[in-house]
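What follows is a set of notes on a single structure, which appears directly below.
Every read-out reported here was derived from the displayed coordinates using simple, explicitly stated rules and does not represent laboratory data. Just so it is clear, the structure is predicted and the values come from calculations on it, not from any experiment. Glycine gets a Cβ as well: all are built from the backbone with ideal geometry, and neighbour counts include every protein chain shown.
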Ligand SMILES: Cc1ncc(COP(=O)(O)O)c(C=O)c1O
């Protein structure tokens, strides 16, 4: 029997490929987006405490009430937003799952979804698995701003949603209030729903602010907003996240969620609830900005060039046009095998594999890792 191919992405994701190649070549892995430094000991201790306190059985389907309340308090404190923990927040096993669940709650066969590219690689397969069609719209190099005319032109009667990501993986670009206002103008007289992937919301640099779709009163009413604890507390392996959406959207989201995984890891929820409820949390943006600046200071001694420092996320996109004219897929493999540093080719984030001779570095690493990697690249 031949099983159906439900989406157009064949083979293994580039992140798995590059991480495996890095391991095989004993290369320094600046490809996949995960920190190589330890989590806060307090958070680890809380996970242990949870198991000792008996938080070892299924959690309620929407998530532990104390974690949903802690998230609600956190958004009130950081954004001045009122979010109902019972009707607007659902805990999920990571943001990737939350994105899939939101798409599944929303999409029907034949629908179209606008995807701004370069894009995180799960979006299009998720859309296609639901029988819908992705309509890619390229962001504008070199600053990766949105080409609003192209967005307008991509809208059809079949457009059900648009997925937005700020701060942006892989380019580090962030949306302004004006971007949200323009999007609101464009979709005002449509039924288009917004999926806003804000997993890097706490990683914004140089005094800039993350502007959430939740702060846009009009758009908030038609948005699923997806978050990841892994990106904030450096524990990507816990696979913990959440979805914030208006009550009617949350009902639809939970309709799918309760038959996908039903409930999420209880001890991790307890630990995160306690951790989030501390009076003061570590300054993640400040810490990551230091890493970005250190990475950029080392990059200056290599032939790589940048358009501008990442405004957010923990990625820096760089050009290797000064070094090689190889396609980016080949260049990253060569760099891993011959120079011992693994990165990600930006063409992997485009459905048409557009190649602008750009690669992505993850700088969420110990200073010693960044230094070792750059020592190798200085020899290029
Ligand atoms: C833009 C974006 N969205 C979602 C995710 C996934 O988050 P999680 O690990 O919580 O599934 C990532 C992880 O790299 C990401 O970069």
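Points worth noting:
- Highest mean first, the peptides 79-85, 31-37 sorted by other C-beta atoms within 10 Å per residue fall in the order 31-37, 79-85.
- Proxy reagent accessibility, fewest Cβ within 10 Å first, across 72, 313: 72, 313
- Ranking of 3, 298, 335 by count of other Cβ atoms within 10 Å, fewest first: 3, 298, 335
- Per the Debye calculation on segment 192-266 with a single equal scatterer at every Cα and no solvent contribution, log₁₀ I(q)/I(0) for q = 0.20, 0.21 Å⁻¹ amounts to -0.98, -1.04.
- Segment 1-74 and segment 126-170: distance between their alpha carbon centers, rounded to Å: 26
- Note on the chain: antiparallel DSSP beta bridges, both residues inside, total approximately 45 percent of the bridges counted.
- Per-residue ellipticity at 222 nm, computed for the chain from helices alone with -39500 (n - 2.57) per DSSP H run of at least four residues, works out to -11500 deg cm²/dmol.
- Rounded if a/c under 1.5, otherwise prolate or oblate - segment 1-115, Cα gyration tensor axes: oblate
- Sorted peptide list for 110-120, 208-218, criterion being average Cβ within 10 angstrom, highest first: 110-120, 208-218
- Global geometry of segment 126-263, whether rounded, prolate or oblate, following the gyration tensor of its Cα atoms and the 1.5 cut on a/c: oblate
- Here segment 71-193 carries DSSP beta bridges of which approximately 10% are antiparallel, counting only pairs with both residues inside.
- Residues 55, 259 arranged by fewest to most Cβ contacts within 10 Å: 259, 55
- Additional length obtainable on full extension of the chain from residue 300 to residue 86, 0.36 nm per residue less Cα span: 72.1 nm
- Debye log10 I(q)/I(0) at q = 0.15, 0.18 Å⁻¹ for segment 42-276, Cα point scatterers: -1.01, -1.42
- Separation of alpha-carbon centers, segment 261-340 and segment 349-380, rounded to whole Å: 9
- Cα gyration tensor shape of segment 277-380, rounded if a/c is under 1.5, else prolate or oblate by comparing a/b with b/c: prolate
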